[in-house]
Every structure is written in structure tokens, then in C-alpha cells.
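Scroll down for the structure; my scribbles are underneath it.
The values are calculated or read from the model by the stated rules, or taken from the named source; none is laboratory data. Note that the coordinates shown come from a computational prediction; the quantities given were computed from them, not determined experimentally. Please note: Cβ atoms are built from the backbone with ideal geometry, for glycine as well, and neighbour counts cover all protein chains shown.
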Amino acid sequence: MGIRSLVLILALTVAVIAFLATRSAFAIFVVPLLQGAVLTVEIAVLGCVLAVLMAILAAIATLYGPWPARWLAIGYVEIFRGTSALVQLFWLFFVLPQFGLSLEPFTVAVLGLGLNVGAYGAEVVRGAILAVPRGQWEATLALNMTRGQALRRIVLPQAFVGMIPPWGNLFIELLKSTALVSLITLTDLAFKAQQLNQTTMKTVPIFTLVLLMYLAMSLCITIGMRALEHRASRGIVRARAQ
Amino acid sequence: MWSWPYTFEILPVLARAALITIEATLLGFFIAAILGLVLAVLRIAIPALAWPISAIVELIRSTPLLIQIFFLFFVFPSFGIVLDAFAAGVLALGLHYGAYCSEVYRAGLEGVHRGQWEASAALNLSPWTTFKDIIIPQAIPPLVPALGNYLVALFKETPLLSAIAVLELMQTAKILGSETFRYTEPMTLVGLFFLVMSLASSALIRTVERVLNRRFLR
């Protein structure tokens, strides 16, 4: 789907939410749900930042690190990809305090989701770095660059373009996983939905609004990543055409 | 910190709960595999349905599974259909991953060479026979690894069923933890169970992939 039609669908979704907000059956739910959505966005954004950092660190450690760092990174990726996000959140939330480390639920949420998605992202970053043609590395060697310079100036910028579409999918996964934080007492969109549902039993209007709000948020991610991809690949395509 | 007697005490309870988790995984994936195929075939066979189906698939794929579980669990009763928690959870898992699987099938069906369709038309095969005997047998085997990955992903999502109080592994671990205020052992055992099962199944998928590559993609 083109970026235009995505923007159109987003506009349509927002319009439907706005229209429903004017109907009496839906109106009372909109404000509390939007309050929850703000927390969802906060967790998602911070989680994404942590995920990208962890992914780059783990990928570089796996590819170029000395063996202790490499094994640590491989262990991190395998453990966080091999178990469920919910198990990880519960482990951070219930087990860590027994070792004397009590974290705020918000910290647990960002940490758990960021580490979880970061592990998947590490494989994306690793794949993208390996996909950079070998000749680029050889050229940096010929130019007498250090490995750090080569990574920073030559390899990572080229790997970046290939990473954007899979990262878009991962960001959407992370956004969807934020619904799990409602189970560790955070009042995000999913929590508000359940709370309103329990007090009013108006299931259909509440969950329709919630689904539309999540849809709007993930459309924003898809559109943003498409635009980023478009921008980032501009120079690359031209360079290859010449 | 870690108490072995307690670990051995809760192990049988968790093992029984693990069976529920596996049952939910298999039932959920059964629904997903069938539903995905039906959606993918409908999308190709009836052009008028292509747009609505892709809209539904996108909606399911871009909203959280947890919300969908709640939705099914709480909405169905208001239409007079009362599902127990396990059925609602399995159905939600099946629907969510059915949407993902339909994309996999679609890629597979579109990957079958056009000439196969033309040859079937030349041989005067009916569309149904073409699908059943020519297209599906060629389209499905290369998809097995991708479907396997979704099976593992679905398996890792089953703890979400604890949110509607299905007595699967996570819910059992939480109950054990709240009874004794010892969360370390049950939670860690649950984590280990998922880790071992996921690692084992990814190894299995890689083996299947190798075998299939040898047999079908020469």
C-alpha cells in the first residue's frame, strides 16, 4: 500500500474516532481512554529507544566483540527471544524485588518491552550489517580507517536503510506489547479499557474505540517508517544509479 | 534465595499446567492454519472480497492480542454466545495468528508459477481441482518453516490467556506465587520452560527446512 492510501486510512480512522466521540454511547469513554493512550505512547516511545540501543549494542558485540561480550550478547538475544514478553515482565516485576531490587512498574514496562524487542532487533541489525558488501570493508582498510571508524562512517549508515522496514514491524510489535503492561498495574489504554468495561459493562463501544486507537497509533508508525525509508534510500539509490 | 524442596513441590503442578499451555497452542494453531488458508484462498479466488479481507487482516495484525482476547471474552456473551475462558482464548489466538498465516499462504500461493495455472486450464481442470491437486501441493511445503515460526510465536503468546484466568502455565505460576509469596521459583521455571521449548522447536524447524529444501527446491 502506498503512503498516500495509508495517510487516507489514518485520516479515516481518526475521523471515525472523532465521530464516535460525539455520540452519547461513546462520548463518556473517550477522555479516560485517551488518558490511557498517553501512557501507552510514553511506554512505546521509551521502549523503542531502549530497543534500538540494545539491538545495536548486541549486534556489534555478537559480530565484533571479544568472546565474553559475544557470549553475553548471544545469551541475551536467545533468552529474550526464547521466552514470552509477559513472562519477562512478570519476572522483572515479581522476582527482582526478592533479590532486593524493586523497580517502579513504569521502569519495568520500559525495561521489559525494550529488552524483549531489542533482542529481536539485534538479529535485524546483525543481518543488515552482514548485508553490506565486503568491498566496503576492504575499501575502509585501504583507506587506513580503524574498525570503529569504518563501522560508524561507512558500514552502519549503509546498513541503516535495509533495517528500516523490519524495524517498522518491530515497533508495531512493541506498541502491541504495551497492552501487557496493564497486567503489571500500569493504567495504560488496555487497563483503562478493562476498568471501564468492568464498571459499565458497555463492552462493544469501549473495545471498538480501543481497537481504533491502537490502529491509529500503528498506522502512525507505519507511515513514519515509510517516510523515513523514502528519505533514507534517496541518496543510496542515486549513488547506485550513477 | 532458591529453594529446591519448594521447586520439587511445585513442579508437578506446573507440569499439569504446561499441558494446558500446549493444548491451547495446538488448538490455536490448528484454527490459525485453517483460517489463514481460507482467507488467502478467498482473497485470490473472489476479487470482490480481496479489499475487505485485507482490511480485516490489517486490523487484526495492528491491534494487540490482549485486547482481542478481552474483546472475544466479553463481547460474545452480549450476543448470547457464552464461551468459557479457554475457548475464547484459543479462538483469539487462532484469529490473531490466522491473520498472520494468511499473509504467509498468500505469498506461497502467489509464488506458484503462472504456467501451472495455464497448464491446468489447458488440461481442462476445474478451478477446484487446480487448487486442490496442482497449486496447494506446490505452495504449502516451502511455507512450513514460516508457519513453524508462527507456531513458536503463538506458543510464546499463550501466557496472555492468564489475563482471562485460563489456568495455563503463567496463571498457575502466579497463583503459586501469591499463595506462598515466593515468586522466584515458579516464574523462573516458567521462563525456563518457554526457553527450552522455543530453542528445541527452532532447531526442529531448521531441520524440517533443510529436509524440505532437499526434497522440493532442487
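In segment B:101-129, the residues that are at pLDDT 90 or above form Cβ pairs under 7 Å with partners that are among the charged types (D, E, K, R) and surrounded by 13 or more Cβ atoms within 10 Å (Cβ to Cβ), at six or more places apart or across chains, as follows: B:106/B:43.
Among (1) surrounded by 21 or more Cβ atoms within 10 Å (Cβ to Cβ); (2) more than 20 Å from residue B:60 (Cα to Cα), which single condition is residue A:198 missing? Residue A:198 satisfies all of (1) surrounded by 21 or more Cβ atoms within 10 Å (Cβ to Cβ); (2) more than 20 Å from residue B:60 (Cα to Cα) except (1). Listed by first and then second residue, the pairs with beta-carbon distance under 9 Å, at least 6 apart or on different chains, first residue in segment B:41-64 and farther than 13 Å from residue B:97 by Cα, second acidic (Asp, Glu) and modelled with pLDDT under 90, are B:44/B:110.
Among the residues of segment A:196-219, which ones are outside any helix (DSSP H, G or I) and either basic (Lys, Arg) or closer than 15 Å to residue A:41 by Cβ (or both)?
Pass one, segment A:196-219, residues outside any helix (DSSP H, G or I): A:201-202.
Selection gives A:202 alone.
Here residue A:136 fits the description: away from chain B (no Cβ under 14 Å) and either in contact with a helix residue (DSSP H, G or I) (Cβ under 8 Å, 6 or more places away or on another chain) or surrounded by fewer than 16 Cβ atoms within 10 Å (Cβ to Cβ) (or both). Taken residue by residue, segment B:184-194 has no member that is polar (S, T, N, Q) and either closer than 30 Å to residue B:39 by Cα or more than 10 Å from chain A (Cβ to nearest Cβ) (or both). Among all positions in segment A:37-50, there is at least one residue which is among the hydroxyl-bearing types (Ser, Thr, Tyr) and under 26 Å from residue A:120 (Cβ atoms).
Within segment B:65-100, the residues that satisfy the criterion of being free of Cβ contacts under 8 Å to residues at least 12 places away in the same chain, surrounded by fewer than 20 Cβ atoms within 10 Å (Cβ to Cβ) and assigned to a helix (DSSP H, G or I) are B:75, B:77, B:78, B:87.
Filter segment A:71-102 down to residues that are polar (S, T, N, Q) and touching a Gly at 6+ places or on another chain (Cβ under 9 Å) and give me whichever is farthest from the other protein chains (Cβ to nearest Cβ). Give the steps one after another, and end with the answer.
Just the residues of segment A:71-102 that are polar (S, T, N, Q), to begin with: A:83-84, A:88, A:98, A:102.
Add one more test, that the residue is touching a Gly at 6+ places or on another chain (Cβ under 9 Å), and what stays is A:83-84, A:88.
On the way: A:83: 4, A:84: 4, A:88: 7 Å.
My answer is A:88.
Okay, residues lined up against (1) outside any helix (DSSP H, G or I); (2) crowded, with 20+ Cβ neighbours inside 10 Å; (3) in contact (Cβ under 8 Å) with a residue 24 or more places away in the chain; (4) touching a Pro at 6+ places or on another chain (Cβ under 6 Å):
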residue	(1), (2), (3), (4)
B:152	no, yes, yes, no
B:155	no, yes, yes, no
B:186	no, yes, yes, no
B:192	no, no, no, no
B:208	no, no, yes, no
B:214	no, no, no, no
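Residue B:180 satisfies every condition listed in (1) at pLDDT below 90; (2) facing chain A (nearest Cβ under 10 Å) except (2).
On the given criteria, is residue A:128 farther than 22 Å from residue A:43 by Cβ and touching a helix residue (DSSP H, G or I) at 6+ places or on another chain (Cβ under 6 Å)? Against the criterion (farther than 22 Å from residue A:43 by Cβ and touching a helix residue (DSSP H, G or I) at 6+ places or on another chain (Cβ under 6 Å)), residue A:128 qualifies. Based on what the data block shows, is residue B:196 assigned to a helix (DSSP H, G or I) and under 30 Å from residue B:114 (Cβ atoms)? No: the conditions fail for residue B:196.
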